[in-house]
2 protein chains.
Amino acid sequence: MADWQEITGGVTAPKGYRAAGITAGLKPSGLPDLALIISDVEAIAAGVFTTSQVKAACVDYCRQRLQAKTSARAILCNAGQANAATGSQGVRDAQESAELLAKELNISPELILLASTGVIGQRIKMDALRSGIPKLVAELSETGSDAAAGAIITTDLVTKSIALETTLHDRPVRIGGIAKGSGMIHPNMATMLAFVTCDAAVSPHLWQQMLSRAADKSFNSITVDGDTSTNDSLIALANGQSRTPAITEMSAEAEKLEAMLTAVCQHLAKAIARDGEGATCLVEVQVTGTHDDLAARQIAKTIAGSSLVKSAIFGRDPNWGRIAAAAGRAGVPFEQENLQIKLGDFLLLKNGQPLQFDRAAASAYLKQAATDYPVVDVVATNNSNDLSGDRSNIKTQRLDNPVIIAVSVGNGHGTGKAWGCDLSYDYVKINAEYTT
Amino acid sequence: MADWQEITGGVTAPKGYRAAGITAGLKPSGLPDLALIISDVEAIAAGVFTTSQVKAACVDYCRQRLQAKTSARAILCNAGQANAATGSQGVRDAQESAELLAKELNISPELILLASTGVIGQRIKMDALRSGIPKLVAELSETGSDAAAGAIITTDLVTKSIALETTLHDRPVRIGGIAKGSGMIHPNMATMLAFVTCDAAVSPHLWQQMLSRAADKSFNSITVDGDTSTNDSLIALANGQSRTPAITEMSAEAEKLEAMLTAVCQHLAKAIARDGEGATCLVEVQVTGTHDDLAARQIAKTIAGSSLVKSAIFGRDPNWGRIAAAAGRAGVPFEQENLQIKLGDFLLLKNGQPLQFDRAAASAYLKQAATDYPVVDVVATNNSNDLSGDRSNIKTQRLDNPVIIAVSVGNGHGTGKAWGCDLSYDYVKINAEYTT
C-alpha cells in the first residue's frame, strides 16, 4: 500500500548529506557522545520542541534561530550533559558550541542548530567539545549516519534509524531519520531527539507545517512514562538536492512527501516506545468512532499511558476493564454503551458489556508479542554516573508484532493511534535503584 | 491552629447516625462486604462522583437521585462487584438494591444512596444481597462506624476513618468520615469511596458547594497511579441533629464548618494516598507563587503523579531534576529562572539553578519517611479472585511524616497541595503478577 520503499543509509540516504559520530569524552563511559549532520547546501529547516516550561539552552537557541532564519547547514548534538537548568552560562556554552563548529566548517554560526541530551543541571564539558569538534568534522562522510545515530543515544538499548524513498515527478526523493530516547533512565536523564533529512525542495512554511503534523501523528503519540523532557527536539532539513520541482503548497506530490515524512517519524517514534525503560513489548492502541482525529488520539494516548493497562500487559492479562476505565477518563465524551474493545483478534467488550472470550488464548497473544529482548542489569552497569547501559548483547528491535488494542467509541469518523510499552519491574528498578 | 479537635467514632460520631458492616457473601474471601450508614432523620445530601465516561450503575443512580432530591436517609455500599459495564441489568440491580433496603427500613427508596466497589463487569451477587440486608439493618448501631469502614474496603491495607468536633454558636458540631481506596490492585478493581456525616444544619445548595470545594482540595488532589475509577464516589450527609441554627449562606460559622469538612476530606484523602499500591511513604507536594490556586494545584498534582519522581523517592534519591521536569510540563506557564525546589529542609534549586546540598542527608530524609509498613504478598493472598489482601499484620498508618516537596515558581499568591506516594516494585508486582 505504501507509496515508498525502505532503503539503507539513515540520515545520509538523501542526497547531499554527510554525518559523523565520535567519542569526544563527554560521557564518563567513553562511548560515542558527539554527532554531526550536515547538508552540503543550505537546507530548509523546521523544528518541533519540548512544550515544557523548563527548557534546555539548546532548545531556546534553536527556537530563536528558526524564528530568525528558516534554513540551516548543520545539526550538532552532544550526549552526556543536557545543558538544562544551567542558567546564563548554559546559554553562553550553547552559543560557543555553534561558533566553534561554524569556524571549523567555515560557515556562519547562524546556519547551525544544536541539541543536547544527558544529565539536567550539568554544563556541557566544553574542553572535551573544543577538542572534539575538529575530529568530528574530519570524520564526516556520506555513510556516517550509523555513527551519528550511535553518538546521540544515552541509555537506549538500540540505535534508531530509518530511510525511505519515493518518486516525485519521476525522480527519486528520500527522507532519512535517526532518533534517541528510552525514557529517563538515569537520574536527571531525559530526552527524545530525532533528526530527519530530506532531499526534496519544499518551502519553509510548508515544511514546518508538514513536520508539525507528522510530529502529532508520531512522537506526540507515544508515551513511555508520561514525563516530558526539558530537551525534546525534532529537527528536519530539506535541501532540494533531489532536483525535483519546489513544493510550495499542498498538492498530490506534497501529500506523498508528507505521508513519507510521517512514516519516517512514526518508525522512529515506535522504535523509541519499544525501547522504553524495562519494556518487553510494543503496544499500539487504535481508536475509532470519535468526532475527530484529535479526540481519537487523546483516548489512544490515555490508554497507552495508563500504568494499570501497562502493568496488565506485562502480566499478560487480557484486562479489558482497565482499558475501558482508561478510555473513560480520557476527557472525550462518549456513550459507554457504544464502547467496543478488541485485543488482537479477541473481541472483549461490545456495546459496553463484556463478552465471553478464550482467556488463555488472549493471554498467549500477549505473551508472543514479548520477544526475548535483553534486560540490562542497570545496577551493574550504571556505576559512576555512566550514561550508557551495556549494549553488548542487543538484538535487533522487532517493531512488526505489537500488542494491538483496538477501541471503538461510536460512529464518528475520527481515528487515531498511539504507541507505548508495558510496565515491568525493570522500569522501577532502572528508575529507583540508581541512587546517588 | 485548627479550630477543632479530633474525636473517636467515625461516621457515627455526629449526632443522629448509625452504621453497620457485615459479611453478606459478596466477596469470595468471606471478609465483610456490605455496609450501611443511616441518619435517624432526613439529611441534606451532597455528592461528588467520577468524571469518567465509563460509570458504574450506582454512580448514575446517585447522580439522578441527587438531582431530583437533595436529601437522603441512608447510604448502602457493597464491596466485591463494581456493577460497572453491566448494562441495563446493572441498572435494575441498583434499583432493586435500593428497594430491598427501603422495604426493610420502611422508608421510600428515594431516600437511599448507593455505592459499589469491586470487579468491573461483574453484577452484584443479588442473592447474597437479598439475604444480607435484613441482617445488615439488624446490626445498625451508634458505634457501627468501624464495622462499616471495614466492609467497604477491598484490597486496602488499612481502614480509613476520622471524626472532628468544633462549636458553632456555642454548640458542638461534628463531622465524621470513612473511606476506601488504594489504587486498582486487582484486575478490573478500582474505586475511591468516601462517606461523610455531619450533624450541622446546612442548606442543600451550600452543602454541595462546600463539598465540591473540599473535594478539590482533598480527593481531587491525590494521585496513586493516575487512573480514575468508574465508581469513585464521595457522599456527604448533614442532618441538623446538632440543633445549631441552619447555615444557608457563607458566614464565619459556615467557613468554620467548611474548614472542618475540608480537614475531614484531606485526612481521608491522605490515608488513601499513603495506602497506595506498594507505597512505602506519603508524599506531600506544596506549590506556591502561581497566579491562582488552581494553577498551583495543577503543578502539585503533576509532580505527585510523575512516575519518575515517585521512583526516585522509592530509591531515596533527592532528584530535583525530575521534580523540575515535572513542574515544567504541568501546563502552567512560569519563568524557569524563578523555579525553587525544597525537599524537606534541603534547598535543592534556586533561581532555576542547582545548589550544593548534603546529598547523603537529603537521602536520609527520604529514608526516614518510609516507615516499616507491611508489604502484603499479593501472589499468595490473591488467589481465587479474593478481593482482600491479608491484613493480619497491619500497623497503624502514619500520616504525620510525609516526604515534603516544596516548589515555588514565582511571586504570585496562588498556593496548592497534592498528595501521593512512591512507586515501588510492589506496585508492578501487585498489578502484573495477578494474571487471570
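Structural remarks
- Pair list, Cβ < 6 Å and 6+ apart or interchain, from the range B:88-114 residues that are in contact (Cβ under 8 Å) with a residue 40 or more places away in the chain to residues that are surrounded by fewer than 16 Cβ atoms within 10 Å (Cβ to Cβ) and not in a helix (DSSP H, G or I): B:Glu110/B:Lys69
- Among the residues listed as B:Ile185, B:Ile178, the single one being outside any loop (DSSP other than H, G, I, E, B), crowded, with 24+ Cβ neighbours inside 10 Å and modelled with pLDDT under 95: B:Ile178
- Qualifying position, being among the hydrophobic types (A, V, I, L, M, F, W, C) and within 14 Å of chain A (Cβ to nearest Cβ), among B:Ala102, B:Ala56, B:Ala19: B:Ala56
- Filter pass, A:Val375 being β-branched (Val, Ile, Thr) and at pLDDT 90 or above: no
- Here A:Gly87 meets each of (1) under 30 Å from A:Glu253 (Cβ atoms); (2) among the small types (Gly, Ala, Ser); (3) surrounded by fewer than 19 Cβ atoms within 10 Å (Cβ to Cβ) with one exception, condition (1).
- Residue that is surrounded by the most Cβ atoms within 10 Å (Cβ to Cβ) [pool: residues in the range B:24-53 that are out of contact with any helix residue (DSSP H, G or I) (no Cβ under 7 Å at 6 or more places or on another chain), part of a loop (DSSP other than H, G, I, E, B) and away from chain A (no Cβ under 14 Å)]: B:Lys27
- Restricted to the range A:294-338, and to residues there that are of a type in the set (S, T, N, Q), assigned to a helix (DSSP H, G or I) and within 7 Å of chain B (Cβ to nearest Cβ), the residue that is nearest to B:Gly305 (Cα to Cα) is A:Ser307.
Yes or no, residue by residue, for (1) within 14 Å of chain B (Cβ to nearest Cβ); (2) among the hydrophobic types (A, V, I, L, M, F, W, C); (3) out of contact with any Phe, Trp or Tyr (no Cβ under 9 Å at 6 or more places or on another chain):
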residue: A:Ala98; (1), (2), (3): no, yes, no
residue: A:Leu114; (1), (2), (3): no, yes, no
residue: A:Ala148; (1), (2), (3): no, yes, no
residue: A:Ser161; (1), (2), (3): no, no, yes
residue: A:Thr166; (1), (2), (3): no, no, no
residue: A:Ile175; (1), (2), (3): no, yes, no
residue: A:Phe195; (1), (2), (3): no, yes, yes
residue: A:Trp207; (1), (2), (3): no, yes, yes
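- Sub-6 Å Cβ pairs linking a first residue in the range A:51-78 that is of a type in the set (Phe, Trp, Tyr) to a second residue that is in a strand (DSSP E or B), at least 6 apart or interchain, are A:Tyr61/A:Leu114, ordered by first then second residue.
- Of all residues making up the range A:188-211, the number that are within 21 Å of B:Gly331 (Cα to Cα) and either among the β-branched types (Val, Ile, Thr) or at pLDDT 90 or above (or both): 1
- Filtered by the rule that a residue be modelled with pLDDT under 95 and more than 20 Å from the chain's Cα centre (by Cα), the range A:139-164 gives no residues.
The values are calculated or read from the model by the stated rules, or taken from the named source; none is laboratory data. From a predicted model like this one, the values you see are computed outputs, not experimental measurements. Reconstructed Cβ throughout: ideal geometry from the backbone, glycine too, with neighbour counts over all protein chains shown.
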